[in-house]
1. Which of TYR151, TYR156 has the fewest other C-beta atoms within 10 Å, and how do the rest follow up to the most?
2. Within the set LYS66/LYS126; LYS39/LYS173; LYS81/LYS126; LYS81/LYS116, which residue pairs have Cα atoms separated by over 29 Å?
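The numbers here are math on the coordinates, done by the rules we state, and not lab data. Since the model is a prediction, treat every value here as computed from it, not as a measurement. Because the Cβ atoms are built from the backbone with ideal geometry, glycine has one as well, and the counts that use them run over all protein chains shown.
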Amino acid sequence: MKDYRSFTGVISLLLTGIAGAYMFACVNSSSIPNGISPKTMADALHAVMESDRTVYTKNVVNRLTKDEKVITASEHWQDDKALPLPAQMFRMGAEMVSEKTSDFSYTLQSLWPINKQNMPKTDVEKEGLTFIVDNPGQNYYKEEKLGDSTYFTAIYPDTAVAPACIACHNAHKDSPRSDFKMREVMGGVVIRIPIK
């Protein structure tokens, strides 16, 4: 019971962080106050996303699956009565945000995705993911036109923050790579903000 309470507490913390970022960023793009650039907004959103993702990965998934071995994490988490994988938690949050606003969007992508839907699709995504792999610790920013809309696109490195990350990716049957190391860039967080 104690582990369940700590798990739900962390989930509540994650949702609170996401809600805070949403309240900060989810103003109508045309009413963003002077002085808040798309880059500043993207950087602030990413700070919350990265923190929540790291907390969930280290303090829930890694602790409960690797350290204490009380539950597993699974891509079939509902059927297996297991924890959702960090990438699944991230995607579920992104889907909830997309139902509430079109003022920004975010995805987790990789040059070596286990789930092929997380492959880069646009030239900017491919260029940005390659850049953050080749330039560790640096972010990538560029404007891109998709259809009739122009977006400020920011891509941030997503690194292996816990042994559970590399164990899962290196051993997964659908993983294009099996040699990830701790703190290595495994993919990127792509944030898009429409520019009006």
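1. TYR151, TYR156
2. On the way: LYS66/LYS126 33 Å; LYS39/LYS173 37 Å; LYS81/LYS126 35 Å; LYS81/LYS116 24 Å.
Cα-Cα > 29 Å for LYS66/LYS126; LYS39/LYS173; LYS81/LYS126; rest within.
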